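We did not get these values from a lab; they are worked out from the coordinates using the rules stated. In this text the structure is predicted, and so the values were computed from the model without any measurement. Here Cβ is always computed from backbone atoms with ideal geometry, including for glycine, and neighbour counts include all displayed protein chains.
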Amino acid sequence: MDMQDSLMVARVVGAAFAMGLGAIGPAIGIGLTGSRAVQATARQPASSGEIMKTALIGMAVAESNAIFSLFVAVVLIFVPVTNPSWLKIVALISAGLCMGLGSLGPGYGQGYSSARASEGIGACPGNIGETLKMMLIGQAVAGNPAIFALIVSMLLIFGSFPDGGGLLKGAALLGAGLSTGLGAIGPGYGQGFPAGEASWEVSRRPEQATLLTRTMLVGQAVASSTTVYALVISLLLIYFV
């Protein structure tokens, strides 16, 4: 098998990792939101419109992680590869792993946030404005790990890695994708929990929105710091090893 055939194999395998793994977290998060919306509607059928609106907005945000994965998969399949080398083969597979793994935690975390927001609207339908705002802020922050994974994936796909680095460089490129991909799972989950609880609490206590937002963001910031560490290691592995 020549270099071009090997590159094509790497591209399709990377695309499969990106989309196959990238569908798991968002699908679970969206399903969780749907189940909580059903429960809230059963308890408060008069507020079904507000509950459905909240759930659909939250589902759309959680779905963005799968869209990132789809984008990376399509790029891997169709965008021509320049500077072919065996290191590029490793980089393409690593890019798919990075984005696929990087969608797992954020997809669930954002889904948990919208699930709790849907429950909150079911309990207190009059406070939909503050609840939606809290949910969207929390989801935006919880999605950061997936954005980091997207950045590293693009660096791996479009980077130039000529042969000459040896086995060490190949291991570094694979490690770069795994570092940010795996490093996004826990923070994505972790940031979703304070976002979900803040969305639930603000639906019942909208007058405490400022305090709840501040507390949520502090918790999310600390949880997010570990993703930044993973991103730094990925960049070091790509450019300095």
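Consider region 179-196 and keep the residues that are hydrophobic (A, V, I, L, M, F, W, C) and in contact with a helix residue (DSSP H, G or I) (Cβ under 6 Å, 6 or more places away or on another chain). The one that is surrounded by the fewest Cβ atoms within 10 Å (Cβ to Cβ) is LEU182. Scan region 20-39 residue by residue and report those that are touching a residue at least 60 places away in the same chain (Cβ under 8 Å), farther than 23 Å from VAL72 by Cβ and crowded, with 16+ Cβ neighbours inside 10 Å. Within region 20-39, LEU32, THR33, ARG36, ALA37 qualify. Just one of (1) without any contact (Cβ under 8 Å) to a residue 12 or more places away in the chain; (2) of a type outside the set (Gly, Ala, Ser); (3) surrounded by 17 or more Cβ atoms within 10 Å (Cβ to Cβ) fails for ASP2. It is (3). Taken together, PHE71, PHE17 contain a single residue that is in contact (Cβ under 8 Å) with a residue 24 or more places away in the chain, surrounded by fewer than 18 Cβ atoms within 10 Å (Cβ to Cβ), assigned to a helix (DSSP H, G or I) and of a type in the set (Phe, Trp, Tyr), which is PHE71.
Restricting the search to helices (runs of 4 or more DSSP H) fully inside region 128-222 and requiring at least 1 residues that are over 26 Å from CYS98 (Cβ atoms) gives 128-142, 185-204.
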